[in-house]
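For reference, the structure is listed below as structure tokens.
The values are calculated or read from the model by the stated rules, or taken from the named source; none is laboratory data. Being a predicted model, the structure only gives us computed values, none of them experimental. Every residue, glycine as well, gets a Cβ built from its backbone with ideal geometry; the counts of neighbours run over all protein chains shown.
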Amino acid sequence: MSGKSKDRSLHLLAGGLLLAMAALFAVAWYYQIAPLKAFAEAALVGGIADWFAVTALFRRPLGLPIPHTALIPANQKRLGKALGEFVRDNFLAPDLVVARLRQGSPAGWIADTLAQPAIAHTLARRLARVMEDADTRAAVLGLIRPGPPLAQALLLVMRQHGHQRVFDRVLDAVQNALVRDNAFVLAKVSDGSGRWVPGWIDRKLADKLTAALAAGLDDLRRADHPWRLGFTGWLERLAERLRDDPALAAKLAAMRDTMLADLLSEPHLTPPLAEAIVTWGRRLAADPGGRARLDRRLIHLTERVLVPSRREIGDFIAEVVERWDSATLVAKLEGQVGRDLQYIRVNGTLVGGLVGLALYGLSHLLG
């Protein structure tokens, strides 16, 4: 049974019990059964009083303009302010927040959470949906602007020798591949030699060729190597064209729009993004030093941003509650506590009846 069905059942139970007490009172009055009449009468009073009290919290009983009813809608602004102050003073107190962060490890929780594939996939899918928003996509595309902005970015990277680091990383990748396995070179040598050439000669030639390639790669690491200088010159000419050639900028912009429109779609973006999230979470989980650094940054961020802004956060909560439609606010609160309120009505009816019966018995005992 769903929550709404249970709430409706309890509401019917409370109302039905009140009607049953009214019927019981009528029977007791008709047959003059004094104890039963005392019980039913008191139960009716208790049930009606609790029905009035419960209803008066959210709306006017029977729609009558009775003072001090519909308390929650009438005091919505004050409730919002009180809720904001409560969160501000009890959840965002500086000592409490920082102590709680120091006690645990937010970075550890983040790592364990993001390392779970299901959570990472859900997070990636939501991020991908954000990227599919037209305004968000336009903002992302605006960050990649061919033409003078891209030329300036390229020249900035070159001034910081970023292109040289890229060149060296490419050399490292090729050299590591040759060191790990020269089967590719051996296959090419074998294909080029005749059938009559023994295999050991092919292997010897492949080893020498591999060694020569490795030496050539080492030579490319010289700052004055012609190839390295040629790479730098090509990037400089590219930056110049990006700055001065509108046709090239327009062509690159069209390529950007075509490529990113496909890459930023949810089906294409979600899998690699989820894999990246899981990988980052697992690396963080296996890196105690990284977690410690992230914990320090989170605590520092909390001390510098969250805690000093707690008054604004409290005011924001108050404003949100105040802006809620009264019917929405009542529905939210009734959905949370409605079941307990119906139990109050049931208990009020039964307890009222028992108290009435007890008073009846006590009055007879005292003569």
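Identify all residues within segment 32-76 that are charged (D, E, K, R) and in a helix (DSSP H, G or I); write none if there are none.
The answer is Lys37, Glu41, Asp50.
Find the helices (runs of 4 or more DSSP H) located wholly in segment 111-212 whose residues include 1 or more that are surrounded by 13 or more Cβ atoms within 10 Å (Cβ to Cβ), of a type in the set (Ser, Thr, Tyr) and at pLDDT 65 or above, and list them.
Correct list: 117-132, 134-143.
Among (1) under 30 Å from Asp315 (Cα atoms); (2) in the same structural domain as Leu350 (by TED's automatic domain parsing), there is one condition Ala26 misses while meeting the rest; what is its number?
Against the list (1) under 30 Å from Asp315 (Cα atoms); (2) in the same structural domain as Leu350 (by TED's automatic domain parsing), Ala26 comes up short only on (1).
If I filter segment 285-341 down to residues being modelled with pLDDT of 75 or more and in contact with an Asp or Glu (Cβ under 7 Å, 6 or more places away or on another chain), which single residue comes out as surrounded by the most Cβ atoms within 10 Å (Cβ to Cβ)?
This residue is Gly314.
Quick check on Arg345: is it surrounded by 12 or more Cβ atoms within 10 Å (Cβ to Cβ) and in the same structural domain as Leu36 (by TED's automatic domain parsing)?
Against the criterion (surrounded by 12 or more Cβ atoms within 10 Å (Cβ to Cβ) and in the same structural domain as Leu36 (by TED's automatic domain parsing)), Arg345 qualifies.
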